[in-house]
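Asks: Sharing a structure with you now.
Read the figures in this text as sums done on the coordinates, not as results from a lab. These numbers come from a predicted model, not from an experiment. Here the Cβ is made from the backbone with ideal geometry for all residues, glycine too, and neighbour counts use every protein chain on show.
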Amino acid sequence: MKMKTLTIALVFTSGFALSQTSELPQTMSEKRVETNANGQQVTTFQPSAFLHTTPAREWPQLEDSTIPSEEKVKIRNNFERDGYLEAQLSTEIDPVVQKVAGTRSGRAPIVNKNGQSGSGLPPDPSGAAGPNHYVQAVNTSVRCYTNTGGVIPGGTFSLSSLWSGSSNAGDPIVMYDRHADRWFISQFNTSPNRILIAISETNDPTGSYYAYSYTFSQFPDYPKYSVWWDGYYMTSNSTHTAVVFDRTKMLAGDPTAQMVSLSLPSLGSGGFRSPLPADADGPLPPAGTPCYFFNLEDNAFSGVFQDQIEIYEMNTNWTNTGSTSVSSSQQLSVPSFDAVFTGGFANISQPGTSQRIDAIQGVLMYRAQHMRWTGYNTIVLSHAVDMGGNRSAVRWYELRDANNGNWSVYQSGTYDPTNDSRFMSSAAMDNYGNIAMAYSICNATSIYPGIRYTGRLSTDPLGQMTFAEETAIDGAGSQTFADRFGDYGHMSLDPDGGTFWHTGEYLAAGGATRTRFFSFRLAGNAGIDITNPYYSNLEMNVHQSNTDLNINVEGVYGDASVVMEVIAMNGQVVKTLGSKQAQNQKVSGTVDVSSLETGIYFVRVGNSNFQTTERVLIK
């Protein structure tokens, strides 16, 4: 969502950041427009600028903003809302509503810290976890933490430091590309309209970055990203609703890394376009798998006749980008919901004020988490629904396909255990099939905007969040000067496969804008839970001896059969041992890797109930 030019900056402790800037020749910034076999316009862009930065730890460090919320730079959004929508409001009964809270023992936060406040309103917090770090970005700044929540020296810097000549325009997104062991940081730019992406040169988020700028003909509002086997995919609230960047070249710091842009056909919306690209958290999908996009469509939208999730497939050809295509593959019917609220963008009631705040209605909330399993794949989604009178609950879904792109609703639910509003959600699944979900919460009388979370085990009754609701942080005030509260929260999965990390916004005393980040597990802090036998304390050890790759796993419950696979960086299974039976909770296997090229691979061991993966270098 568009941010006005900053008039009040975060405080610098010293001078300006230095970067090694390499502006590209004019010919590099040109675009090429072609028509594919389906008659779609395909636009290929070269970067308009590229720079290889000096290490971030050498840049001037920022102090957190102490600007009062009322004085922060107000972020303008490009939300549009068709005027007919409120007249189309229905009284559909939600058939999957959960009115009783879960009773499983809560999972208290492991790390639970205040994040950055930033100089923009709202802060738009985004964050991701790596093996040793957690990186959070808000409007105007980035901060790097240890995985125990400590601030890393040299790890707090202005977003604009990553791209020479850029401003802190807004809507940052952080991803950890676990497959490449790199960090991805992005924001948009105005005048000219650009998307700015920085890829860390190593796994150190305080090190150097390869920073790219791409110019758009239309402002790329509210960008959302994903990691896929053949690219970094993006959507935005614009006509650029199906975009892909050349991940391979960006990871190599190649200044010619291209971007390809198309428009999703027949995109139903209530005026705001925010489909989500599938984001691979588990092993990458096999080479050749199209990237899936998911769009929420309410039957109140023009031209939409059922409550549904429309699914698209994008096939990218980096050799001949003009043949890249995107098509609608499914209109997946889902249990009835109402995703349209009244009052424009002033929806959710708060204590002690008539000022209502924005529910972020009619769109799927970031992310569309993709997990690859033995025999099937999953997608986890969530969004806000109106339970009547602008009281919001969270609808969530687990979609599955059988490795064929034919998606179905495996389970869904509307989490509404109390008469409070829950909104601005984010959900994800771990390596055991458990689902965690975090969200903002408040009501009109006693609960100020805060952050809570819940979850379910894979063996629980379908459609139910079975854990007791936990509080990450209670709110302590209401926002009284504007309806804009927040744009998104962000839940990510730790590379350990079992720890969730979430960052979101809350309001402190007097309505001061704050962010929080926290981690928790559903499988138990030690990876053990006696209520579910698959939560044995799994340990995998992989080592290479000459041309043999030796795989040893301990903690396999019930001596179950497992499949052992070696997966290449493009997601292709290059070696498999098929089904192997564990004995005394242990299973071992040896893979001949003499035919494989030197490089990074993933070893995956699992079955339909669990999986564990390890990133390995095969020499």
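Asks: Quick query: amide H of F485 versus all other amide H atoms, modeled in the peptide plane; which residues come in under 5 Å with a sequence gap of 5 or more or a different chain?
Replies: D358
Asks: Which whole-Hz ³J(HN,Hα) couplings does region 459-466 yield from phi under the Karplus relation 6.51 cos²θ - 1.76 cosθ + 1.60, θ = phi - 60°, glycine and proline marked x?
Replies: 8, 6, x, 4, x, 10, 8, 9
Asks: Follow-up. Return V174, V243 ranked ascending by Cβ neighbour count within 10 Å, so the fewest neighbours appear first.
Replies: So the residues, fewest neighbours to most, are V174, V243.
Asks: Something else: Return the ratio Rg/(2.2 N^0.38 Å) for region 536-618, where Rg is computed over Cα atoms only.
Replies: Its radius of gyration relative to the 2.2 N^0.38 Å reference: 1.03.
Asks: Looking at the chain, send over the antiparallel percent of its DSSP beta bridges, to the nearest 5.
Replies: Details: 171 of 179 bridges.
Taking every DSSP beta bridge within the chain, about 95 percent pair in antiparallel fashion.
Asks: Summing Lys, Arg as +1 and Asp, Glu as -1, what charge do residues with Cβ under 12 Å from the Cβ of I567 carry, I567 excluded?
Replies: Around I567, the surrounding residues sum to +2.
Asks: Of all the Cα-Cα pairs you can form in region 333-417, what percent are over 18 Å apart?
Replies: 50
Asks: For the chain, give the magnitude of the charge dipole about the Cα centre (Cβ charges: +1 Lys/Arg, -1 Asp/Glu; no others), in debye to the nearest 20.
Replies: Numbers: 40 positive and 56 negative charges, 108 e Å.
In debye, rounded to 20, the chain gives about 520.
Asks: Going by how many other Cβ atoms sit within 10 Å of their own, how do C144, C291 line up, fewest first?
Replies: Listed from fewest to most nearby Cβ atoms, that is C144, C291.
Asks: Under 5 Å between amide H atoms, partner at least 5 residues away or on a different chain: which partners does Y410 have, H built in plane at 1.01 Å?
Replies: Amide H neighbours of Y410, under 5 Å, 5+ apart: E398, L399, R400.
Asks: Additional query: Testing the spin-label approximation: label points 7 Å from Cα along Cα→Cβ at T54 and E30. State their distance in nm.
Replies: The modelled label-to-label distance comes out at 3.6 nm.
Asks: Between their Cα atoms, which of K224/K575; K580/K619; K31/K575 are more than 30 Å away from each other?
Replies: Pairs exceeding 30 Å: K224/K575; K31/K575.
Asks: What net charge is computed for the residues neighbouring P109, neighbours being all others with C-beta under 15 Å from the C-beta of P109, Lys and Arg scored +1, Asp and Glu -1?
Replies: Computed value for this residue: +1.
Asks: Along Cα→Cβ, 7 Å out, is where each label goes; now give me the distance between the ones at Q585 and K99 in nm to one decimal.
Replies: Distance between label points: 4.3 nm.
Asks: Convex hull over the Cα atoms of the chain, averaged projected area in nm²?
Replies: 25.8
Asks: Order these by the 10 Å Cβ neighbour count, fewest first: K249, K586.
Replies: Listed from fewest to most nearby Cβ atoms, that is K586, K249.
Asks: Also, quick follow-up: For region 363-377, in order, what is each residue's ³J(HN,Hα) by Karplus, 6.51 cos²θ - 1.76 cosθ + 1.60 with θ = phi - 60°, in whole Hz (x at glycine and Pro)?
Replies: Running phi through 6.51 cos²θ - 1.76 cosθ + 1.60 with θ = phi - 60° gives 9, 6, 8, 4, 10, 9, 6, 9, 10, 9, 10, 6, x, 6, 10 Hz.
Asks: While we're looking at this one, here's another question. In whole Hz, with x marking every Gly and Pro, tabulate ³J(HN,Hα) for region 49-56 from phi via Karplus 6.51 cos²θ - 1.76 cosθ + 1.60, θ = phi - 60°.
Replies: Once rounded to whole Hz, the list reads 7, 9, 8, 9, 7, 6, x, 4.
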